[in-house]
Ligand SMILES: CC(C)(COP(=O)(O)OP(=O)(O)OC[C@H]1O[C@@H](n2cnc3c(N)ncnc32)[C@H](O)[C@@H]1OP(=O)(O)O)[C@@H](O)C(=O)NCCC(=O)NCCS
């Protein structure tokens, strides 16, 4: 019989089933920190679970793209973002652009390479580009581990700038209007 997978929002009383995505940092966040961050209203965590394991988890937090993230001058930033937004932004009207950040994303080792991660990204795109969304949100952002960059590239994320080229994580973004 096919293993059923369920979607859950993490709650204080949620039992966290075994999970290992090969990253001690991401495993540790789920078991030790996610509920605290949820309670403090700084990150909301969602889970996919089967009957015995946590299949995947991810968290969202409000974010913004600001001039210094892009490595551009203010004028260049406005030009670059304006061409993406397709509207003329008056100087100083938007010094930052509202985004949602995928703060964490991990897929259990038993489930990787089967499209689960990409489905979570697709769900996120639909969720935040919906007309019913309660506040403005133009991009999805992520601080991508180096090893996961091909995954985000495959899911239409671009690099924010070249300045973090040599870092262990790179800032990436995806435009919710260009999907
Ligand atoms: C990166 C991750 C979320 C991808 O999840 P997934 O469910 O395997 O992703 P998908 O099946 O939708 O796509 C897999 C594709 O992503 C790319 N990819 C790049 N690095 C990868 C990696 N370390 N593991 C899996 N896929 C990776 C490949 O193109 C892969 O295609 P393939 O299956 O044809 O080889 C998952 O591997 C994971 O949890 N990794 C450890 C934690 C991590 O790096 N999280 C990202 C935090 S920024």
To make sure I understand, if each residue's beta carbon is the centre and we count other beta carbons within 10 Å, what order do 113, 37 fall in, fewest to most? 113, 37
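Quick one: if you take sqrt(5λ) for each eigenvalue of the C-alpha gyration tensor of region 105-175, what semi-axes come out, biggest first, whole angstrom?
Details: eigenvalues 91, 69, 14 Å².
Largest first, region 105-175 gives 21, 19, 8 Å.
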Fully extended, how many nm does the chain gain between residue 66 and residue 134 (0.36 nm per residue separation, minus their Cα-Cα distance)? 22.3 nm
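If I take R0 = 35 Å and measure r between the Cβ atoms of residue 44 and residue 156 in this structure, what FRET efficiency does the formula 1/(1 + (r/R0)^6) give, to the nearest 0.05?
Details: r = 23 Å, r/R0 = 0.66.
According to the calculation, E is roughly 0.95.
Can you tell me which of 50-57, 6-13, 24-31 comes out highest on packing, and rank the rest after it, using the mean Cβ neighbours within 10 Å? Each step should come with its number before you reach the end.
On the way: 50-57: 17.9, 6-13: 10.5, 24-31: 15.0.
So the peptides 50-57, 6-13, 24-31, ranked by packing, come out 50-57, 24-31, 6-13.
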Whole Å is fine, so just give me how far the alpha carbon centre of region 106-161 lies from that of region 29-58. 17
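Values quoted throughout were computed directly from the atomic coordinates according to the rules given, and no laboratory measurement underlies them. Nothing here was measured: the structure is a model prediction, and the numbers come from that model. Cβ atoms come from the backbone with ideal geometry, glycine included; neighbour counts cover every protein chain shown.
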